[in-house]
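The values are calculated or read from the model by the stated rules, or taken from the named source; none is laboratory data. Note that the structure is predicted; figures quoted are calculated from it, not measured. Virtual Cβ from ideal backbone geometry, glycine too; neighbours counted across all protein chains shown. Heavy atoms of the whole protein, side chains included, go into the accessibility calculation; ligands, DNA and RNA do not. Shrake-Rupley method; radii C 1.70, N 1.55, O 1.52, S 1.80 Å.
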Amino acid sequence: MDYLPIFVDVRDRLVVVIGGGVVAHRKTEHLLKAHARVRVVAPELSADLAAYRDLGRIEHRPLLFSASQLEGAALVVAATDDDAVNESVATAARERGLLVNVVDDGKRSSFIFPAIVDRSPVIVAVGTAGHSPTLARRVRTQIEALLPERLGLLGAHAGRWREAVRRALPVLSQRLRFWDGFFSGPVATSLLAGNVAGADEATQRALDTARAAAGEARGEVYLIGAGPGDPDLLTLRAQQLLQQADVILHDRLVPEVILGRARRDAERINVGKSPGKHEHTQEYINQLLLEHARAGKRVARLKGGDPFIFGRGGEEMQVLREAGIPVVVVPGITAGLGAAASAGIPLTMRGLSQAVTMVTATGAQSGSLDWAALAQPQHTVVFYMSAAQIGFIVAQLREHGLPDAQPVALIERATWPDERVLKSTLAELPQLAQQSNLQSPTLLVVGEVAALAQLRERGAEAGLPAAGTERERG
C-alpha cells in the first residue's frame with residue numbers, strides 16, 4: 001500500500017483550503033459534511049463558496065496565500081490552478097508537520113481524498129493512490145449500485161445496540177455470531193426496507209435468544225475449495241463463509257491474497273504439506289477440526305482447488321459427520337480445470353478428445369493405475385502433482401502404446417501471476433522437464449488437445465513477448 005487508509009475525525013477542527021474555485025468548493029463540501037471548521041483563503045470565491053460564506057458556514061480570508069494562514073490547522077488542502085502557489089502551500093504544510101492534499105498532485109500530497117460512497121454512518125472510501133481518480137470513481141459507482149440506500153439506517157441501529165450486545169454476550173465469538181445472524185435476518189431486512197417500527201423489540205428478542213443459547217453454541221466446519229490460485233476464481237459462497245469463520249485451517253498453496261479475504265481477527269493455522277514432507281499428518285488435521293468445532297467455533301478448512309478432488313476432503317467430512325459436527329462443503333475450481341482454462345486447453349473437444357481423466361501422480365508407482373486405459377486415443381489425462389514423476393509417467397504411457405508424438409503440456413503454478421506453460425511431445429517431455437526446473441504445483445496434460453495451448457497467448461496480450469514453446473505470464 002502506498003497510503004494508509006484511515007478515517008479522520010475533523011469535527012470542530014480547522015481545515016484550511018487554499019483556492020476559491022469549483023475544485024475548492026468540492027473539497028469544502030466534503031469537509032463541511034464531516035463537521036470541520038473550514039477557512040478558505042482566496043482573493044475571490046465561486047458563487048457556491050460565496051453562498052457558504054454568506055451563511056456563515058466557512059471563514060473567508062480574501063488574501064493571497066501566506067504561511068501564517070495555516071495557523072491552528074489540522075489539515076491543509078491546496079486547490080488552486082497555480083503550480084507555484086500549490087508548491088508554496090505544500091512546503092509550508094510540511095514544515096509545520098501538517099498533512100496536506102494538493103489536488104491532482106500526488107507527489108506533493110501527504111494525504112488524498114478518496115472516492116466516497118456515503119451511507120452514513122456507513123462510509124466506503126475508494127482510492128488508487130492518486131494513479132487514476134477516474135478508476136476510483138468507476139469502482140465507487142459499482143459499489144454504490146450494490147449497497148442498499150438505507151444501509152445507514154441499519155448501521156445506526158446496530159450502533160445503538162452495540163454496547164447492549166457486548167454486555168449480554170461478553171465472548172467475542174458469541175457477539176460475532178449474533179451480528180452475522182442479525183445482519184442476514186428479518187430485523188435487518190425490515191430496516192433496509194425502511195420499516196423501523198418494532199425494530200428495537202425484535203432486536204431485544206434476538207439478543208435474549210442468543211444469550212440463552214450462548215453456552216450451547218455448536219461449532220461447524222466449512223470445507224472450502226479455494227480454487228487454483230487466482231483470487232478472482234474464488235466463489236462468492238467461499239468468500240461469505242471466510243468472513244464468518246473464527247478459525248481457518250489452510251493449505252500451504254492457498255495464496256496470501258485469498259487468506260486476506262477472511263475475517264481480520266480469525267485465527268489462521270497453516271496445516272500445509274509439501275511434496276514428500278508431511279509436517280502435519282491428516283490425523284493431526286482431523287483432530288484440530290474436531291477440537292475447534294467442539295469448542296463452538298466456526299472452522300474454515302481452506303484447500304487449494306476443490307476439497308473433494310485429491311484434497312482429502314471426503315476423509316475430513318467423514319470424521320466430522322461421525323462426531324456429529326455439521327459440515328458445509330463449498331466446491332472450488334479444481335486445479336485441472338483452472339490450469340487448462342488458463343492455458344487455453346479445452347479438455348474435451350470434438351474430434352480430439354471424447355473423455356478426460358484426472359489422476360494424482362502421487363503414488364503413481366504403487367501399481368494402482370490402469371495405464372492401458374490412460375493411454376487410449378482421443379482421451380485427455382490430467383496428472384496432478386506431476387513434477388517429480390514425469391519420467392515414470394512417460395515410460396508407462398509409452399509402454400502402453402501412446403505414441404512418442406503425443407502432445408503434452410506442463411502448467412506450473414496455474415492462474416498465479418508467475419504461471420508458466422511448457423509444451424512438448426511425450427518423447428521429449430523428460431528432457432524438457434529436467435531443463436525447466438519445475439516448481440510445485442505443476443500439472444501435466446496429456447492428449448491431442450494439449451497442442452491447442454498456443455491458441456491463447458495471454459502473456460503477449462499483457463505486453464509480454466510471445467514464445468514458441470514457452471509462455472510466462474507475469
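Observations, loosely collected:
- Out of Gly363, Gly367, Gly391, sole residue that is free of Cβ contacts under 8 Å to residues at least 24 places away in the same chain and under 30 Å from Val254 (Cβ atoms): Gly363
- Among the residues making up segment 211-240, a single one is surrounded by 18 or more Cβ atoms within 10 Å (Cβ to Cβ), more than 24 Å from Thr334 (Cβ to Cβ) and among the hydrophobic types (A, V, I, L, M, F, W, C): Ala214.
- Residue count for segment 197-226 satisfying the condition of being in contact with a Gly (Cβ under 8 Å, 6 or more places away or on another chain) and not in a strand (DSSP E or B): 6.
- Taking segment 119-136 as the range and being part of a helix (DSSP H, G or I) and surrounded by 15 or more Cβ atoms within 10 Å (Cβ to Cβ) as the test, the residues that pass are Pro133, Ala136.
- When Gly338 is tested against (1) in a helix (DSSP H, G or I); (2) open to solvent by 50 Å² or more (accessible area, probe 1.4 Å), only condition (2) is not met.
- If you filter segment 363-416 down to residues that are aromatic (Phe, Trp, Tyr) and under 22 Å from Ile345 (Cα atoms), you find that the one that is farthest from the chain's Cα centre (by Cα) is Phe383.
- Among the candidates Leu302, Leu290, Leu352, residue that is surrounded by 15 or more Cβ atoms within 10 Å (Cβ to Cβ), among the hydrophobic types (A, V, I, L, M, F, W, C) and touching a strand residue (DSSP E or B) at 6+ places or on another chain (Cβ under 6 Å): Leu302
- Residue within segment 314-333 that is closer than 24 Å to Pro407 by Cβ, in contact with a strand residue (DSSP E or B) (Cβ under 7 Å, 6 or more places away or on another chain) and either among the basic types (Lys, Arg) or buried (at least 17 other Cβ atoms within 10 Å of the Cβ) (or both) present: yes
- If you check Gly194, Gly155 for being assigned to a loop (DSSP other than H, G, I, E, B), out of contact with any Gly (no Cβ under 7 Å at 6 or more places or on another chain) and in contact (Cβ under 8 Å) with a residue 12 or more places away in the chain, only one passes: Gly194.
- Reported count of residues in segment 343-362, each being under 21 Å from Phe308 (Cα atoms), outside any loop (DSSP other than H, G, I, E, B) and hydroxyl-bearing (Ser, Thr, Tyr), is 2.
- Looking only at segment 23-53, and only at residues there that are exposed (fewer than 13 other Cβ atoms within 10 Å of the Cβ) and closer than 30 Å to Pro121 by Cβ, the one that is nearest to the chain's Cα centre (by Cα): Lys33
- Residues located in segment 417-443, provided they are in a loop (DSSP other than H, G, I, E, B) and within 25 Å of the chain's Cα centre (by Cα): Pro417, Asp418, Glu419, Gln439, Ser440, Pro441
- Scanning segment 241-262 for residues that are open to solvent by 10 Å² or more (accessible area, probe 1.4 Å), in a helix (DSSP H, G or I) and either touching a residue at least 12 places away in the same chain (Cβ under 8 Å) or touching a helix residue (DSSP H, G or I) at 6+ places or on another chain (Cβ under 6 Å) (or both) turns up Gln243, Gln244, Val257.
- In segment 67-85, the qualifying residues are those that are outside any loop (DSSP other than H, G, I, E, B) and touching a residue at least 40 places away in the same chain (Cβ under 8 Å), and the one that is most open to solvent (accessible area, probe 1.4 Å) is Val85.
- Members of segment 372-406 found to be in a helix (DSSP H, G or I) and buried (at least 18 other Cβ atoms within 10 Å of the Cβ), listed by number: Leu374, Ala387, Gln389, Ile390, Ile393, Val394, Gln396, Leu397
- Per-region count, segment 94-118, residues under 22 Å from Val16 (Cα atoms), touching a helix residue (DSSP H, G or I) at 6+ places or on another chain (Cβ under 8 Å), hydrophobic (A, V, I, L, M, F, W, C) and open to solvent by less than 70 Å² (accessible area, probe 1.4 Å): 7
- Restricting the first member to segment 285-298 and to residues that are without any contact (Cβ under 8 Å) to a residue 60 or more places away in the chain, and the second to residues that are of a type in the set (Val, Ile, Thr), the beta-carbon pairs closer than 8 Å and six or more apart or on different chains are Ile285/Val271; Asn286/Val319; Leu288/Ile269; Leu288/Val271; Leu290/Val319; Leu290/Ile325.
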